[in-house]
Amino acid sequence: QVQLVESGGGLVQTGGSLRLSCAASGSIFRINNMGWYRQAPGKQRELVATITSGGSTNYANSVKGRFIISRDDTENTVYLQMNSLKPEDTTVYYCFADFRATRYWGKGTLVTVSS
């Protein structure tokens, strides 16, 4: 059974930084794409950033230049370094991992940016 567990969310002031982590465990290895989405109440889920197994990255325009995605395949972990945070970044962040044609999801971690 595959599980993804996020950590690192919390409360931060505008302009501050947080680092999210998402560790995959269970029968999972050689993960393909990994990444992060976010979803605010009443809104559609928004892609934040993705990273391929080869290290290619993709970012939403709203976070380009502020967020950095990375991964550690020895730990089956994906990270999201979030800098220059804004109140509009406040929401729940979900990680995912693609493995053998299945997308696995974490349960989410809340990020709150105070103004």
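If you roll a 1.4 Å probe over region 52-115 with all protein chains in place, what percent of the accessible area is carbon or sulfur?
46
How large is ³J(HN,Hα) for each residue in region 39-49, as worked out from phi by the Karplus curve 6.51 cos²θ - 1.76 cosθ + 1.60 (θ = phi - 60°), to whole Hz, x for Gly and Pro?
8, 8, x, x, 10, 6, 5, 10, 5, 9, 7
Which of the peptides 25-36, 4-15 is most tightly packed, and how do the rest follow, going by the mean number of other Cβ atoms within 10 Å of each residue?
Taking the mean over residues of other Cβ atoms within 10 Å, the ranking is 25-36, 4-15.
Which order do you get for 18, 85, 47 if you rank them by accessible area with a 1.4 Å probe, largest at the top?
Of 18, 85, 47, the descending order of accessible area is 47, 18, 85.
Taking the Cα centre of the chain as the origin, how large is its charge dipole in debye, to the nearest 20, when only Lys and Arg (+1) and Asp and Glu (-1) carry charge on their Cβ atoms?
For the chain, the charge dipole is close to 200 debye.
Using modelled backbone amide H atoms (1.01 Å from N, in-plane), which distant-in-sequence or interchain residues come within less than 5 Å of residue 108's amide H?
6, 95
Mind jotting down the distance between the C-alpha centroids of region 18-44 and region 63-115, whole Å?
6
Run the numbers on the chain and let me know its relative contact order in percent, using alpha-carbon pairs under 8 Å that are six or more apart.
Rounded, it is 37 percent for the chain.
Using a 1.4 angstrom probe on the protein heavy atoms only, could you order 109, 74 from most to least accessible area?
74, 109
Taking K and R as +1 and D and E as -1, what net charge do the other residues with C-beta under 12 Å from the C-beta of residue 12 add up to?
It works out to a net charge of +1.
Size of region 50-99 along its principal axes in angstrom, Cα-based, largest extent first?
33, 20, 15
Among 91, 55, 78, whose Cα sits farthest toward the positive end of the charge dipole of region 1-109 (+1 at Cβ of Lys/Arg, -1 at Cβ of Asp/Glu, about the Cα centre)?
So the residue furthest toward the plus end is 91.
Hey, what's the Kirkwood Rh for region 1-68 if you take every pair of different alpha carbons, in angstrom?
Value: 13.9 Å, from the Cα pair sum.
The values are calculated or read from the model by the stated rules, or taken from the named source; none is laboratory data. Quick caveat: nothing in here was measured; it's all calculated off a predicted structure. When we count neighbours, we look across all protein chains shown, and the Cβ atoms used for this are built from the backbone with ideal geometry, even at glycine. Surface areas here come from the heavy atoms of the whole protein model, side chains and all, with no ligands, DNA or RNA. Shrake-Rupley method; radii C 1.70, N 1.55, O 1.52, S 1.80 Å.
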